[in-house]
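Engineer: Pasting in a structure now, in structure tokens, and then I'll have a few things to ask.
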Amino acid sequence: MDWAELFMTGGFVTIPLLLCSLVSVTLIAERLIFWIQLNRGQRRLMSQVLALYRDDPTQAIALLKKNKHLPICRIYLEALSLPEPNLAEFTLALETAAKAEIPLLKRFNTVFETIIAVAPLLGLLGTILGLMNSFSALKIGDVGSTETVNVTAGISEALISTAAGLIIAIVTLLFANSFRGFYVRQITLIQEYGGHLELLHRRLSNNSHSDRSH
């Protein structure tokens, strides 16, 4: 049985299931590209930024601007672009910018959760409707007739929608959990290097204040 036959025998429920699968595949591809680009050399870049900020903050800001497509660079630019901020202002700028980037990092999570919940239910609905149609064609006492054979075939065909719904939900769940793990690691990375940046800012501020007092 080829894909066209599977689609036809699954009933009208296969239409929303097909839409769910298309949406899921499209969004999974977009998120894969996003996270691959995001994780490529990010730690090395932030180590360079911290080293430059220690010696020449202007060069660090220039490097961040060059990589402004990365959320972590946009977050640190918000803090470093402030004119002579104190530690509280610097920390607040980092936290506010990080919160603004969270929707981008968690993008499509709600859509994935909806597909994971709805796809198996659509499959179950297709099975129930298929069984109802099969039993409606069954004639009591007509054992071994063509109608009985058609009922058996109808039951097996009705299960196609359940299998399709479970496959869509399982595949989407696996990728959604992976993206959730990427999100947690990204937040940890932002906090880790944000802490290093705050320490450097405090040291540089203390050094500048001591230089002025002398």
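Engineer: Output ³J(HN,Hα) for region 65-81: one whole-Hz value per residue in order, computed from phi by the Karplus curve 6.51 cos²θ - 1.76 cosθ + 1.60 with θ = phi - 60°, and x for Gly and Pro.
Structural biologist: 5, 5, 10, 5, 6, 8, x, 5, 6, 5, 5, 6, 5, 4, 7, 6, 7
Engineer: So if we plug the beta-carbon distance of residue 59 and residue 32 into 1/(1 + (r/R0)^6) with R0 = 35 Å, what FRET efficiency do we get, rounded to 0.05?
Structural biologist: FRET efficiency, residue 59 to residue 32: 0.60.
Engineer: Still on this model: Quick check: residue separation of residue 191 and residue 87 times 0.36 nm, minus the Cα distance between them. What number comes out in nm?
Structural biologist: Length gained between residue 191 and residue 87: 35.9 nm.
Engineer: Taking R0 as 35 Å, what's the FRET efficiency between residue 178 and residue 206 from their Cβ-Cβ distance, rounded to 0.05?
Structural biologist: Efficiency computed from Cβ-Cβ geometry: 0.25.
Engineer: Could you derive backbone 3J(HN,Hα) for region 44-56 from the dihedral phi with the Karplus parameters 6.51, -1.76 and 1.60 (θ = phi - 60°), listing whole Hz in sequence and x where the residue is Gly or Pro?
Structural biologist: Going residue by residue, I get 5, 5, 5, 5, 5, 4, 5, 5, 5, 5, 5, 9, 8 Hz, with x marking Gly and Pro.
Since every read-out is calculated from the coordinates, none of them should be taken as a lab result. Worth saying up front: this structure is predicted, and the values here are computed from it rather than measured. Reconstructed Cβ throughout: ideal geometry from the backbone, glycine too, with neighbour counts over all protein chains shown.
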